[in-house]
Amino acid sequence: MLPDAPTPQPITQADKFQAFIEEARSPLIFGAAGLNAMALREAQDHAGPGMQSSFNALYEASIVQRESSAFLGKFLYPSLLKQDPRYYPSTSHSFAGRTTYAASRLLITRNDAGKATINTSYLLGVLTSAAVATAYRPYWARTSSAVLSDFGSTIGSDAGMNLLREFWPSIHNRLQGHSPNFVRKVEKVSGRLTGAQAPTDPAVH
């Protein structure tokens, strides 16, 4: 049995919409779109002269796919299928356990009642958005294999994003613990100016 996070509070429609907004605004979206575009660029090297899409065109299609995937997978489908699109960190203390958990969240999620279920919302969202993105390409590139290629590359990049979500807080805390004193002082001053909470003293971690 994979380790799971504590039982969350019941999710609302507003929570699901907020999950979509956070996903759509994440800088990771643009990085993942760039990786998708590069993978698709490599995959079309076998195409004949004049039948290759430019990187800009592939990147634009990837952005459309990522944004539509966020809307479909984080809000629309979860609302229709009564599933929770949020990511909950693992409670495991082992690297292997946390890695397996993070990757498995692409296939396993929770329903609105907090019970584990197949992550149909995410899978349908990625597949639908891949089909939408393919429609933005030249007619010779609108194939079922292009949709499956987009689907696979998105799954791969999202697995990486889940790993980052899982491990980044720990990495960030370690970096804070080794940052120079003047950097922590600047963070505290900026926190006072912006109203943000000052970072925790690394000695207590």
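Out of segment 83-100, which residues are closer than 29 Å to Ala133 by Cβ and either of a type in the set (Asp, Glu) or in contact with a helix residue (DSSP H, G or I) (Cβ under 9 Å, 6 or more places away or on another chain) (or both)? Please lay out each step first, then the result.
Applying the first criterion (closer than 29 Å to Ala133 by Cβ) to segment 83-100 yields 83-88, 99.
Result: Gln83, Asp84, Pro85, Arg86, Tyr87, Thr99.
This table checks each residue for (1) touching a residue at least 24 places away in the same chain (Cβ under 8 Å); (2) under 23 Å from Leu163 (Cα atoms); (3) aromatic (Phe, Trp, Tyr).
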| residue | (1), (2), (3) |
| --- | --- |
| Lys74 | yes, yes, no |
| Ser90 | yes, yes, no |
| Ser104 | yes, yes, no |
| Leu107 | no, yes, no |
| Ile118 | no, yes, no |
| Leu124 | yes, yes, no |
| Ala135 | no, no, no |
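Taking the options Thr143, Thr154, name whichever one is open to solvent by 40 Å² or more (accessible area, probe 1.4 Å) and not acidic (Asp, Glu).
Details: Thr154 fails: open to solvent by 40 Å² or more (accessible area, probe 1.4 Å).
On inspection, the qualifying residue turns out to be Thr143.
Need at least 2 residues that are at pLDDT below 95 and in contact with a His (Cβ under 7 Å, 6 or more places away or on another chain) per element, so show me which helices (runs of 4 or more DSSP H) inside segment 59-177 make the cut, counting only ones lying wholly within it. Break it down into steps so the answer makes sense when it comes.
On the way: elements: 77-81, 95-104, 120-134, 144-177.
Correct list: 144-177.
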Query raised in the report: Looking at (1) modelled with pLDDT under 80; (2) among the acidic types (Asp, Glu); (3) in contact with a helix residue (DSSP H, G or I) (Cβ under 9 Å, 6 or more places away or on another chain), can you tell me which one Glu22 breaks?
Result: (1)
**Report entry** Boolean, Pro3 is modelled with pLDDT of 90 or more, more than 19 Å from Asp150 (Cα to Cα) and touching a Lys or Arg at 6+ places or on another chain (Cβ under 9 Å)
**Finding:** no
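The values are calculated or read from the model by the stated rules, or taken from the named source; none is laboratory data. All of these numbers come straight from a predicted model, not from anything done at the bench. Using ideal geometry, Cβ is built from the backbone for each residue, glycine included, and neighbour counts are taken over all protein chains shown. Ligands, DNA and RNA are excluded from the accessible area calculation, which covers all protein heavy atoms including side chains. Shrake-Rupley method; radii C 1.70, N 1.55, O 1.52, S 1.80 Å.
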